[in-house]
Amino acid sequence: LLNLGSIVSFDGTKKNLELPQVLMSDVEKIENEIDKLEKYLLPLSSFILPSGHPTSSLCHITRTVCRRAERGVTLLSSKGENQEIAIQFLNRLSDYLFVLSRKILQENNISETYWK
C-alpha cells in the first residue's frame, strides 16, 4: 500500500526518480487469494449487509475505504500504466476484503444478513 501511495502521489516533476512498483503480479496474487477463499463459500444470491462479527465488519469498513480510494485514483489518474495497475490493485483488494469478511463469518458459524 505504501508503494501504491508513492505511485499515486507522484506528480512527475522529478524525472530521474525511481518509484516503487505495483505490478500485475501483485494484482494476480490478490486474485489467487480470493479464489482460495471462495472455494469454501456458497455463491451469493442476494446482497449481504455488514454485520455479525466485529472483524467481519472491519473488513467491510476497510473495503469501503478501498473503493473510495479507487474512485479517487481514477479521478486523479493520468491513466499511466502504473496508475492503471494501482486502480486494479485497489479494486481487487476491495473484493478480497469482501470475501474475507464472508469467510470470517463462516469460520465463526455466524449467518450472513441478507438485504431484503
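The values are calculated or read from the model by the stated rules, or taken from the named source; none is laboratory data. Keep in mind the model is a prediction, meaning the values are calculated, not measured. Cβ atoms come from the backbone with ideal geometry, glycine included; neighbour counts cover every protein chain shown.
Data overview
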{"quantity": "Qualifying residue in the stretch 62-85 (condition: surrounded by 12 or more Cβ atoms within 10 Å (Cβ to Cβ), in a loop (DSSP other than H, G, I, E, B) and modelled with pLDDT under 85)", "calculated": "yes"}
{"quantity": "Residue selected from the stretch 1-45 under the condition of a type outside the set (D, E, K, R), in contact (Cβ under 8 Å) with a residue 60 or more places away in the chain and in a helix (DSSP H, G or I), by the criterion farthest from residue 85 (Cα to Cα)", "calculated": "37"}
{"quantity": "Qualifying residues in the stretch 90-116 (those that are at pLDDT 95 or above and hydrophobic (A, V, I, L, M, F, W, C)) - the one nearest to residue 3 (Cα to Cα)", "calculated": "90"}
{"quantity": "Meets criteria (among the small types (Gly, Ala, Ser), closer than 28 Å to residue 108 by Cα and modelled with pLDDT of 85 or more) for residue 56", "calculated": "yes"}
